[in-house]
Amino acid sequence: MRGAMRVLIEPRKIVLAVSIVAFVLSCKDENPQGPDIVFPSSNVSYSQHVQPLFNQACTFAGCHDDGQHQSPLKLTSWANTVMMVPGIVVSGRPDQSILVSKIQGSLGQRMPPNTNPLNQNQINGIRTWIADSAKNN
């Protein structure tokens, strides 16, 4: 066949391209889950308030779940949240906690991205939980 060009794509490049597309599609643009999590003004519970909020706003899109992603932060358990990445949660000090800075949008890109930000009640609830020693309760 004269004049015809034969293009070969290496299998590794195909796998890489498919992986990139899968990663991009794994972070959805909207939260499909139910109503807002409402925090009390005191006695914030990790298991009743904080983790359900993380499940709804942070792990649903595959961004901070237990999978392999760009961020090393996994918000799937108390231990992962407070111990995996130094400085994310500084017990008793919400103003020094990276988590608070990220959800308030005062440090880099506001989290969660590509969806509605956490409301003020939720931000205050996270701040209260951290101020009260970020207990595993």
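The values are calculated or read from the model by the stated rules, or taken from the named source; none is laboratory data. Note that the coordinates shown come from a computational prediction; the quantities given were computed from them, not determined experimentally. Backbone-built Cβ (ideal geometry, glycine too); neighbour counts: all protein chains shown.
Tell me whether segment 55-72 contains one or more residues that are surrounded by fewer than 17 Cβ atoms within 10 Å (Cβ to Cβ) and within 18 Å of P35 (Cα to Cα).
Looking through segment 55-72, at least one residue is surrounded by fewer than 17 Cβ atoms within 10 Å (Cβ to Cβ) and within 18 Å of P35 (Cα to Cα).
Select from segment 25-53 the residues that are charged (D, E, K, R) and modelled with pLDDT of 55 or more and list them in ascending order. So that I can check it myself, show each step before the final result.
So in segment 25-53, the residues charged (D, E, K, R) come out as 28-30, 36.
Once the filter is applied, which keeps residues that are charged (D, E, K, R) and modelled with pLDDT of 55 or more, segment 25-53 yields only D36.
For segment 88-112, give me each residue that is in contact (Cβ under 8 Å) with a residue 40 or more places away in the chain and either touching a Cys at 6+ places or on another chain (Cβ under 8 Å) or among the hydroxyl-bearing types (S, T, Y) (or both). First the steps, then the outcome.
Step one: filter segment 88-112 for residues in contact (Cβ under 8 Å) with a residue 40 or more places away in the chain, giving 89-92, 111-112.
Selection gives S91, M111, P112.
Can you pull out the residues in segment 73-87 that are assigned to a loop (DSSP other than H, G, I, E, B) and either charged (D, E, K, R) or buried (at least 20 other Cβ atoms within 10 Å of the Cβ) (or both)? Working first, answer last.
First pass over segment 73-87, keeping only residues assigned to a loop (DSSP other than H, G, I, E, B): 73-77, 84-87.
If the condition is that a residue be assigned to a loop (DSSP other than H, G, I, E, B) and either charged (D, E, K, R) or buried (at least 20 other Cβ atoms within 10 Å of the Cβ) (or both), then K74, L75 are the ones that fit.
Of all residues in segment 57-86, count the ones that are more than 8 Å from the chain's Cα centre (by Cα) and within 14 Å of I126 (Cα to Cα).
Of the residues in that region, 3 qualify.
Looking at (1) at pLDDT 95 or above; (2) part of a loop (DSSP other than H, G, I, E, B), which is the one condition that is false for H64?
(1)
Residue by residue through segment 91-137, note down the ones that are exposed (fewer than 13 other Cβ atoms within 10 Å of the Cβ), of a type in the set (S, T, N, Q) and assigned to a helix (DSSP H, G or I).
Q120, the sole residue that qualifies.
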